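J.: The structure that follows is given in the form of structure tokens.
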Amino acid sequence: MERLFPLCRSLTGDGVRATFDILSEHVPITRTEVPSGTRVFDWTVPDEWNIRDAYVAAPDGTRVIDFRESNLHVVGYSEPVRTTLPLEQLRERLFTLPEQPDLIPYRTSYYSRTWGFCLPHRRVAELEPGDYEVVIDSTLGAGHLTYGEITLEGSGDEDVLISTYVCHPSLANDNLSGIVVATMVAKALAERRLRHTYRFVFAPGTIGPLTWLHENQDSLDRIAHGLTVSCIGDAGDHTYKRSRHRDAVVDRAVETVLRDSGKPYEVLEWEPWGGDERQFNSPGFDLSVGTLMRTPHGGFDGYHTSADDLARISPASLEESVQACLDVIDVLETNRTLLNLSPYGEPQLGKRGLYRSAGGAVSSPDDERALLWVLNQSDGSASLVDIAERSGIAYPVIRRAAERLEQAELLGPAGSPATPGLARR
Ligand code: ZN
């Protein structure tokens with residue numbers, strides 16, 4: 001994150017590519033370049049923006065605003081400028097936060113051409129009258145939008161989409177945290193045998209997922225579950241925003257994992273406001289994509305300002321978030337619907353060595369209760385996550401119980417024939 005933080009990411013441009021260069025040291029990320037002007041549904045891929053330097057120099061020649069100190073000083077997508085302005089005219093191009101006079105605001109102007117500088121409000125009062133040299137050494141013209149993908153092939157025919165946005169410059173929680181958490185989740189999964197295929201998408205906000213969806217229309221029907229990750233490295237509790245369907249498997253998987261964590265968390269209902277989940281959950285695509293965060297967008301102090309720096313996030317918070325994602329993926333990988341093959345009364349577990357009293361194989365009362373819950377609910381309609389939800393027992397305990405019952409041939413895949421001689425009358 002320390003290397004990624006200073007890069008001037010934006011909707012397009014070399015900051016995004018340099019970000020992917022660093023990620024590619026950890027994960028096999030591929031990139032797609034889509035030309036400016038490409039129509040994607042109701043939108044158009046914008047011109048590409050790049051910036052090398054920008055400053056405002058005082059009448060005595062000293063740089064009073066300097067892009068090299070912070071890329072937040074320049075309004076994102078500022079067109080190139082090279083001029084001299086008296087202070088009164090310069091002021092019209094300066095953006096500050098009078099309420100938080102020490103912070104640099106983060107501002108962009110993607111869809112209308114302009115230019116400007118952002119700085120701490122306190123600094124404006126210090127500017128002496130006179131003529132200021134203004135330079136924005138940027139380019140804004142036909143180029144490409146760049147998005148990155150990591151695809152980890154699974155053995156089954158369903159896909160899981162994990163997405164995060166990459167358009168924010170030097171801001172840490174929003175959303176460098178999402179970029180690194182998604183990367184580390186992909187890195188961990190790359191070493192596993194997977195049932196689902198995992199498709200990680202790293203794209204600029206809004207236009208990025210739209211472009212990706214446009215380019216991948218032929219394979220969207222494989223996507224069974226999805227998660228966007230953002231603002232996930234601060235010290236706040238985990239917050240989960242449900243998909244439009246509200247009770248999709250991914251919703252129930254995340255909520256079960258957060259419940260099992262034993263830590264405080266919050267669940268938010270779906271609303272068509274927020275991040276990239278808006279595009280995935282639009283009715284035309286109808287993908288069940290939830291959003292895992294800590295403190296949501298706009299909810300933390302210093303949101304979209306220079307206060308969202310590396311001090312705001314911590315390795316411990318990031319690691320816990322990576323683990324939460326992996327726990328959700330464990331549910332998605334192992335959730336299945338099974339059938340009790342001995343459904344007439346409880347099968348005798350003791351003689352099969354499944355009770356603690358019969359050999360100590362089972363370690364806790366929860367394990368015993370889980371065996372009974374799984375047997376009782378497995379009538380071919382309830383999946384393991386359904387059973388974890390209804391029983392209140394942690395998902396890994398339910399999953400382990402199911403594995404033991406399968407080994408004892410008391411459970412089979414939904415659709416298995418019942419035990420011979422016990423045909424329903
Ligand atoms: Zn943001």
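J.: Filter the range 119-147 down to the residues that are closer than 30 Å to Gly236 by Cβ and touching a Ser or Thr at 6+ places or on another chain (Cβ under 7 Å) and list them by number.
T.: Answer for the range 119-147, where residues must be closer than 30 Å to Gly236 by Cβ and touching a Ser or Thr at 6+ places or on another chain (Cβ under 7 Å): Leu119, Pro120, His121, Tyr147.
J.: Which number in (1) over 21 Å from Ser138 (Cα atoms); (2) surrounded by 15 or more Cβ atoms within 10 Å (Cβ to Cβ); (3) not assigned by TED's automatic domain parsing to the domain that holds Ala190 marks the one condition that Ser70 misses?
T.: All conditions pass for Ser70, except number (1).
J.: Please specify each residue of the range 307-325 satisfying the condition of being within 17 Å of His297 (Cβ to Cβ), aliphatic (A, V, I, L, M) and crowded, with 20+ Cβ neighbours inside 10 Å.
T.: The one that is within 17 Å of His297 (Cβ to Cβ), aliphatic (A, V, I, L, M) and crowded, with 20+ Cβ neighbours inside 10 Å: Ile313.
J.: For Val331, work out the one condition from (1) modelled with pLDDT under 95; (2) within 30 Å of Leu4 (Cβ to Cβ) it doesn't fulfil.
T.: So Val331 meets the others, but not (1).
J.: Of all residues in the range 297-307 being touching a Ser or Thr at 6+ places or on another chain (Cβ under 9 Å) and of a type in the set (Ser, Thr, Tyr), which is nearest to the ligand (Cβ to nearest atom)?
T.: Residue satisfying both the conditions and the ranking: Tyr303.
J.: So in the range 151-166, with the set limited to residues that are under 15 Å from the mean Cα position of the chain (by Cα) and either within 23 Å of Asn335 (Cβ to Cβ) or surrounded by fewer than 24 Cβ atoms within 10 Å (Cβ to Cβ) (or both), which one is nearest to the ligand (Cβ to nearest atom)?
T.: Ser163
J.: Ok, one more. Could you check Trp43 against (1) within 30 Å of Ala316 (Cβ to Cβ); (2) out of contact with any Asp or Glu (no Cβ under 8 Å at 6 or more places or on another chain) and say which number it fails?
T.: All conditions are met except number (1).
J.: Please name all residue pairs, on different chains or six or more residues apart, with Cβ atoms under 6 Å, provided the first residue is in the range 199-228 and is away from the ligand (no atom under 14 Å from the Cβ) and the second residue is among the small types (Gly, Ala, Ser).
T.: Within 6 Å, the pairs are Phe200/Ala182; Phe200/Ala186; Val201/Ser163; Phe202/Gly148; Pro209/Ala203; Trp212/Ala203; Leu227/Gly290.
J.: A follow-up question, please. Restricting the search to the range 118-144, which residues are surrounded by fewer than 19 Cβ atoms within 10 Å (Cβ to Cβ) and aliphatic (A, V, I, L, M)?
T.: Val124, Ala125, Leu127, Val135, Ala142, listed by residue number.
J.: Within the range 308-351, which residues are over 30 Å from Arg404 (Cα atoms) and either more than 16 Å from the ligand (Cβ to nearest atom) or part of a helix (DSSP H, G or I) (or both)? If you could, list the steps in order and put the result at the bottom.
T.: Narrowing the range 308-351 to residues over 30 Å from Arg404 (Cα atoms): 308-319.
Leu310, Ala311, Arg312, Ser314, Pro315, Ala316, Ser317, Leu318, Glu319 - these are the residues of the range 308-351 that are over 30 Å from Arg404 (Cα atoms) and either more than 16 Å from the ligand (Cβ to nearest atom) or part of a helix (DSSP H, G or I) (or both).
J.: Within the group Glu133, Glu149, which residue is assigned to a strand (DSSP E or B) and within 16 Å of Val64 (Cα to Cα)?
T.: Values: Glu149 fails: within 16 Å of Val64 (Cα to Cα).
Matching residue, one of Glu133, Glu149: Glu133.
J.: Further question: Could you tell me whether Asp286 is within 16 Å of the ligand (Cβ to nearest atom), in contact (Cβ under 8 Å) with a residue 40 or more places away in the chain and either acidic (Asp, Glu) or under 23 Å from Val397 (Cα atoms) (or both)?
T.: Values: within 16 Å of the ligand (Cβ to nearest atom): no; in contact (Cβ under 8 Å) with a residue 40 or more places away in the chain: yes; either acidic (Asp, Glu) or under 23 Å from Val397 (Cα atoms) (or both): yes.
No.
J.: Further question on the same structure: Filter the range 99-117 down to the residues that are in contact (Cβ under 8 Å) with a residue 60 or more places away in the chain and of a type in the set (Val, Ile, Thr), then identify the one that is surrounded by the fewest Cβ atoms within 10 Å (Cβ to Cβ).
T.: By that ranking, first place goes to Thr108.
The values are calculated or read from the model by the stated rules, or taken from the named source; none is laboratory data. Predicted model only: the values in this text are computed from it and were never measured. No Cβ is skipped: glycine too gets one built from the backbone with ideal geometry, and neighbour counts run over all protein chains shown.
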